[in-house]
Amino acid sequence: MCGIAGIIGNRVTEVEARLARMSAALVHRGPDDEGAAVWPDNGRTPLTAFAHRRLSIIDLSASGHQPMFTPDDRFSIIFNGEIYNYRELRRELQAEGISFASHTDTEVLLQLYARHGADCLRWLRGMFAFAVRDHETGEVFIARDLLGIKPLYYYHTEQLFIFASELRALLESGLVPRRLSSRGVTSYLQSGSVASPDTMIEGVTLLQPGNYMTVAPLSGSLLKVKEISYTKDWFAVSDAPEGLDRPAAVEALRDALKESVRLHLVSDVPLAPFLSGGIDSSAIVALMSQVTDERPKTFSVVFDEQKFSEAPYARCVAEKFHTDHHEIRLSEQRLYEMLPAALAALDQPTMDGINTFVVSKAVNDAGITVALSGLGGDELFAGYPTFRRALTMRSLSRVPSSLRKGVSALGARVLNRSMQQRKLWQLLEGDASPQASCEVSRQLLSGKEIESVLADGGHYFSAAEIASFGQNGSDTINAVSRCELRGYMANTLLRDTDCMSMVHSLEVRVPFVDSEIVRFVLSLPGAWKLNGGRPKPLLQDALGDLLPAEIANRPKMGFTLPFENWMQSRLRDEINETFEDAQRFESIGFRPGAAREIWQRFLRSPQSVGWSRPWALYVLAHWCAQHRVSL
């Protein structure tokens, strides 16, 4: 795992200094090695500069240094990620007569690109963001993995293109205006994170999952930039193999999960799974026991407060699989002390990332470089309430819209005391589609609320705009899965995981978010994933009797911090000071007093407003001040 950055353009001054600042901003992503190269404008190809920060995980020797070049010096690469099937690809390339100077997946990727160009993406199984320069043509090829596990941000004009693993590195280049994006602010207010491809900075774009780009000289100092989807129909409806019944699918899924976990264990440094005690993380540990004889270390973050602690469940799994289990006890005081560092670590504002910061720091402090996470299990195996809610709404879609709206209006007048109730009435008013169910479930502020707080009214993105990738087919459960995978998972969970783990130089791998697993599970009927009263029955059946009964039947809990309590006690004065600073919010587009009103309503009635709304606004104001950005 690493950090990458680059600058392309002929009229850039002080290129080495700018590149060095970008690289320094990424040091936490790769403290083990750094590399840089600058290819000047030669009249035919544009100036190009690459920087790389390395976190050594596969082949720890100096032969993994980047930028890495092909033996003929035609191509060079900078790469962030892991290619899990690189050994198989290496053998195939060797059979074609290609020799290797290292044992890295980077060299395999470079040689695969040199041989097949953009078609190399067809063979890759992993998480990645990389850039390759063709020194004969001056063209730079940039690509991102199918599901968006690894990020890649870019900014360009007619004569300039710059990119990096993190938005903060682009800002450090001095080439990107520190101007807030009004679309980004609106998007953040909708869901607590900015939906791709938008970002919080005007003009900065996040390369979409499953896309690649080419940046090539056009004429004079102009550049030609193209972004292309290499998986346009990847999330479209696909059918399970003919004749595959549920028992056969369960067997095939078990084999596929074992294979994914086996591939994700490739590492030359210490590796351990997160073990919260929930079904997903427990499944990772159980599957590890099937593919390796090694006794893994497992890590759980535990609390003295029983309300927030899953320690007994994690211990149960650790005992069953005889892991070397470590409990990292965090007091409320320690969590509170970590908040300033966690807020400073945010690359973009998010209302969820603090949890991942706390866990990643604890695991890295214990000497672990690579962690395995159960992220993606809820999205694939119907673990969220959104799935059942969408089925209910599908049934209600038979009720005339006028009647549903009437019930909603009446309910809003009688019962409108909590966010959950207000979302219910909003769902009844909508079109009852899976996309609308996802949008409302993940909603931070409604369209009307956004109009009331933003001076320009904002630009509210409809469900069709946000989740059009999920509109194929009539299977409600699978439609929700697609929305959650490309929405909440990609825009919040994966982004927070990457940012908040890499700030501690910790690589987090996600075996459920594997292209082959996702493709297969989405091909199965949604009804198989939500039958009976058991949580995630398809996953449970694939695991057989591996999981202890206490784990298989427990309700979803999740890693939760006591924000609601803190915001009324420990954090109250600091947050209040932020909301009292009207100029701070007006500079980022809020109507005078609008943000403060939300905070005051929370203090008067926390359950009615919910802690996430004022917290998200506080994080936004903090982030804008830290990065010196405004409209």
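The values are calculated or read from the model by the stated rules, or taken from the named source; none is laboratory data. Every value quoted in this text rests on a predicted model; they were computed, and no experiment measured them. Using ideal geometry, Cβ is built from the backbone for each residue, glycine included, and neighbour counts are taken over all protein chains shown. Side chains are part of the model used for accessible areas, which takes the heavy atoms of the whole protein and leaves out ligands, DNA and RNA. Shrake-Rupley method; radii C 1.70, N 1.55, O 1.52, S 1.80 Å.
Here are the numbers:
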| read-out | value |
| --- | --- |
| Test item: Cα-centred dipole of the range 311-351, Lys/Arg +1 and Asp/Glu -1 on Cβ, debye | 120 |
| The chain - percent relative contact order, Cα under 8 Å, separation 6 or more | 15 |
| Residue-by-residue Karplus 3J(HN,Hα) for the range 441-452, coefficients 6.51, -1.76, 1.60, Hz, glycine and proline x | 4, 8, 6, 8, 10, 6, x, 5, 5, 5, 4, 7 |
| Label selected from (1) 24.4, 75; (2) 29.8, 101; (3) 31.3, 105, the criterion being Rg and Dmax of the Cα atoms in Å as computed here | (1) |
| List Thr205, Thr199, ordered by accessible area with a 1.4 Å probe, largest first | Thr205, Thr199 |
| Distance from the range 166-238 to the range 486-521 (C-alpha centre basis), Å | 18 |
| Neighbour-limited loop hits for chymotrypsin sites (Phe, Trp or Tyr not before Pro), the range 1-75 (at most 12 other Cβ within 10 Å; DSSP other than H, G, I, E, B) | none |
| Table column - 3J(HN,Hα) (Hz), the range 124-136, Karplus curve with 6.51, -1.76, 1.60, x for Gly and Pro | 7, 10, x, 10, 6, 8, 8, 9, 10, 9, 8, 6, 7 |
| Relative contact order [Cα under 8 Å, 6+ residues apart], the range 278-351, whole percent | 32 |
| Ranked order, Phe100, Phe563 - accessible area, probe 1.4 Å, largest first | Phe100, Phe563 |
| GluC sites (Glu not before Pro) lying in DSSP loop within the range 16-98, provided at most 10 other Cβ fall within 10 Å | Glu96 |
| For the chain, cysteines whose Cβ has no other cysteine Cβ within reach (under 4.7 Å) | Cys2, Cys120, Cys316, Cys499, Cys624 |
| Accessible surface of the chain [probe 1.4 Å, protein heavy atoms]: carbon and sulfur percent | 49 |
| Heavy-atom accessible area per residue - the range 10-57, 1.4 Å, Å² | 44 |
| Under 5 Å, built H, 5+ apart or other chain: amide partners of Lys224 | Ala216, Leu218 |
| Accessible surface, per residue, of the range 61-116 when the full set of protein chains is kept, probe 1.4 Å, Å² | 43 |
| Cα centroid separation - the range 570-631 against the range 287-353, whole Å | 30 |
| Solvent-accessible heavy-atom area per residue, rounded to whole Å², over the range 256-379 at 1.4 Å | 37 |
| Mean Cα-pair separation over length for the range 1-89, i.e. relative contact order, pairs under 8 Å, 6 or more apart, % | 33 |
| Nonlocal amide H pairs with Lys297, under 5 Å, H built at 1.01 Å | Asp324 |
| Solvent-accessible area of Arg442 with every protein chain in place, 1.4 Å probe, in Å² to the nearest 10 | 60 |
| Pairs beyond 29 Å (Cα-Cα), from Lys232/Lys361; Lys150/Lys556; Lys224/Lys448; Lys150/Lys226; Lys150/Lys320; Lys258/Lys297 | Lys232/Lys361; Lys224/Lys448; Lys150/Lys320 |
| In Hz, Karplus ³J(HN,Hα) per residue of the range 272-284 (6.51, -1.76, 1.60; θ = phi - 60°; x = Gly, Pro) | 8, x, 5, 9, 7, x, x, 5, 5, 5, 5, 4, 4 |
